Every structure is written in structure tokens, then in C-alpha cells.
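The values are calculated or read from the model by the stated rules, or taken from the named source; none is laboratory data. Owing to the predicted nature of the structure, the values given are computational and were not obtained by experimental measurement. FYI the Cβ positions are ideal-geometry reconstructions off the backbone, even for glycines, and counts take in every protein chain you see. Ligands, DNA and RNA are excluded from the accessible area calculation, which covers all protein heavy atoms including side chains. Shrake-Rupley method; radii C 1.70, N 1.55, O 1.52, S 1.80 Å.
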Amino acid sequence: MSVSVYAPPSVGNVSVGFDSLGLALQPIAGQQVGDVVTVSAAHHDQWHVKGPWAHALPTDPKENAIHDVHQRFNQALKAKGMTPKPAKVVLDKRLPIGSGLGSSASSVVACAVALNLFHQQALSDEDLLSVMADAEAKISGGYHLDNVAPAFTGGLQLMTPFADQPFVVLPELLGLYWVVAYPGTQLNTQASRSVLPSELPMPLAIEWVQRTAAFVDACHRQDLQGAGALLQDVVAEPHRVQLLPGYADLKALLNDQGALAVGISGSGPTVFAVTDDLTQAQAFEKLMASEYVANERGFVHICKADVAGARVVQQPDELKGAVA
Ligand code: HSE
């Protein structure tokens with residue numbers, strides 16, 4: 001038995017919701033740019049990585065996220081009195097590391113969901129979420145689900161302070177295009193968090209909560225223009241802009257061209273521009289490619305919300321057949 005699971009990339013933060021809003025992305029051209037994990041029957045546990053970004057991962061697969069997720073998954077199974085089946089776990093690493101596109105969450109979610117399917121969905125969504133959240137926290141240096149939740153469930157997710165319901169699904173603003181530009185350089189999440197202040201002045205805290213609450217309201221009313229206008233990061237972006245060469249100039253150009261919003265995706269260096277018009281999205285794509293992509297590893301995609309989240313995909317041919 002073998003199962004392959006794809007988990008989409010995500011934007012988290014979405015400007016107004018620091019560590020609190022996450023959006024799964026699907027390029028409109030149809031590419032599956034997120035990671036895929038394949039779990040198949042084996043005589044003993046083993047871990048392998050391949051794909052365009054495998055070179056950026058630790059050479060010892062036991063230091064990789066899939067090993068950590070596998071250990072946590074097995075512990076969770078044993079805690080419920082079940083016996084894990086030996087498995088071969090293969091990560092197809094398609095998302096760049098340290099990109100701000102939820103790269104680690106994509107690996108973690110694809111791996112956990114694939115392992116659970118391999119074990120006939122032995123863990124509940126709640127137990128699986130706990131495995132994923134702990135694994136992601138170890139990698140990113142903080143307990144925040146703003147990439148894990150959308151990669152798992154799809155759409156636009158709002159994190160809550162409640163352990164029994166850690167996030168709620170918002171209407172995903174399907175009329176919006178999210179043009180995301182990855183420059184081709186790496187920015188570690190922990191480094192990007194280290195420039196943030198530990199406290200917020202009261203006026204900023206008030207503006208932050210007002211913007212977040214009004215954005216949620218605009219989502220529910222499907223007010224695309226209103227939602228876009230509210231997307232301004234008053235908390236993290238002013239401190240992180242120094243880490244993103246060229247971003248301030250790009251943002252000014254995009255705003256001049258009528259972008260509804262421009263922001264940093266997660267902890268960067270990927271940035272996004274929002275519009276409700278496809279022709280404008282195509283113009284932004286060209287501009288971002290010429291002004292922000294710094295090397296051949298960079299890319300720009302015009303995306304919409306990915307509403308499916310983690311899903312089974314056809315397994316690669318080489319994994320069919322004999323038990324390893
Ligand atoms: N929300 C996080 C941050 C990124 O902005 O630091 C990953 O969850």
C-alpha cells in the first residue's frame with residue numbers, strides 16, 4: 001500500500017493577522033508547487049528526500065521534518081494503544097526553504113496526512129493537528145498555526161486562542177488574485193522574528209485589532225475592495241522591511257498601479273500583491289518578476305485561494321511495486 005499527499009503553499013501572516021491569519025494558495029496556471037509526501041509499506045522505517053529543493057535540506061534525513069513528524073505520529077498512535085506499521089517516507093521538496101510560503105508546514109502537513117491515511121485514518125483531525133503543530137513549532141521557533149491550518153484544511157483560516165478549536169474557516173475571497181513573488185533568496189523565520197519588538201504601543205494595538213476585525217467582517221460580506229484596503233501590516237512589516245532588499249520600492253510601484261494591497265508573505269522574503277482583476281494581476285506578475293526576483297531560483301505566480309488543502313495525489317511510478 002502506498003499513498004501520496006500534496007499540501008499547498010500558504011501566506012501566513014496575511015498583513016493584518018500576525019500569527020493569526022493564513023491563506024492556502026493555488027496558482028491559477030494549475031501547477032502543484034507545494035510539497036508531496038509518499039508513504040509506502042516497508043520492512044523498516046526509512047526516510048528519503050528528493051525534488052528541486054532537496055539539496056537545501058540536511059543531508060541526514062533523520063534531521064528532516066518528515067523524520068520528526070513520523071516520530072511524533074508514531075508516539076500519538078502508541079498513546080492510543082495502536083501499533084505503527086513500518087513505513088518508507090519520501091518527501092518531494094518542491095517549495096523553497098525559508099521562503100515565507102509555509103514551506104515547512106507544507107512538508108509537515110503532507111507527511112502527517114499521508115501517515116494517517118497509511119494507517120487507515122487512525123488519528124482524529126484534532127490529534128493529527130497536535131502532531132503537526134508541535135513539529136512546525138520545533139522548526140519555526142514559535143507555536144503558530146497560520147501556515148499549518150491552511151495547508152491542512154485549505155482556504156483562509158483565522159487562528160483562535162482556544163485549544164479545542166484552534167482555528168475557524170473564513171470565506172476565502174475567491175474573487176481576489178494573490179500575485180506572489182519569491183526573490184530566490186532565503187530568510188529564516190527565526191531570524192525574521194528576531195527583529196520584532198516584544199511589546200506593542202497601545203495605539204498600534206488598537207489599529208491592529210480594528211483592521212483585523214474589519215477585515216474579517218469584509219470577508220463575510222465578500223467586500224473584496226474593502227478587504228483589500230484593510231490589509232496593512234502595522235505590526236511586523238515596519239520592522240521586517242529592512243530585511244527585504246527592493247521591497248519598499250516595489251510596493252510603491254504596485255500601489256501606484258492600483259494594487260488593493262501589498263504585503264510580506266509570512267516572515268518573507270516572498271511578497272504578495274492583491275487585485276480583483278486578472279489583467280492587472282498579469283501586469284503585477286511582470287513588474288514583480290523584473291523588480292523583485294533576484295536570481296534564477298525565484299518565481300512569480302498568480303494565485304487564488306486553494307480551497308482543497310492537503311489532498312491525495314497520484315503516486316509517482318517509481319514508488320509502486322515491491323516493499324522496500
Ligand atoms: N507568522 C509567522 C511570522 C510565520 O510571521 O513570523 C510562520 O508562521
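The C-beta contact set for region 128-154 (first residue open to solvent by 40 Å² or more (accessible area, probe 1.4 Å), second residue part of a helix (DSSP H, G or I) and within 13 Å of the ligand (Cβ to nearest atom), distance under 7 angstrom, 6+ apart or interchain) comprises Ile139/Ser104; Gly141/Thr189; Gly141/Gln190; Gly141/Arg193; Tyr143/Ala133; Tyr143/Ala137.
Screening Val312 against (1) open to solvent by 70 Å² or more (accessible area, probe 1.4 Å); (2) in the same structural domain as His144 (by TED's automatic domain parsing); (3) at pLDDT below 95 leaves a single unmet condition, (3). Looking at Asp60, Asp19, just one residue is modelled with pLDDT under 95, within 24 Å of Leu244 (Cα to Cα) and not small (Gly, Ala, Ser), and that residue is Asp19. Answer yes or no: is there a residue in region 44-62 that is out of contact with any strand residue (DSSP E or B) (no Cβ under 6 Å at 6 or more places or on another chain) and crowded, with 21+ Cβ neighbours inside 10 Å. Checked region 44-62: no residue is out of contact with any strand residue (DSSP E or B) (no Cβ under 6 Å at 6 or more places or on another chain) and crowded, with 21+ Cβ neighbours inside 10 Å.
Return a yes/no flag: does region 90-105 have any residue that is open to solvent by 20 Å² or more (accessible area, probe 1.4 Å) and more than 16 Å from the ligand (Cβ to nearest atom). Checking region 90-105: at least one residue is open to solvent by 20 Å² or more (accessible area, probe 1.4 Å) and more than 16 Å from the ligand (Cβ to nearest atom).
Within region 293-302, not a single residue is within 16 Å of the ligand (Cβ to nearest atom), more than 28 Å from Val169 (Cα to Cα) and surrounded by fewer than 15 Cβ atoms within 10 Å (Cβ to Cβ).
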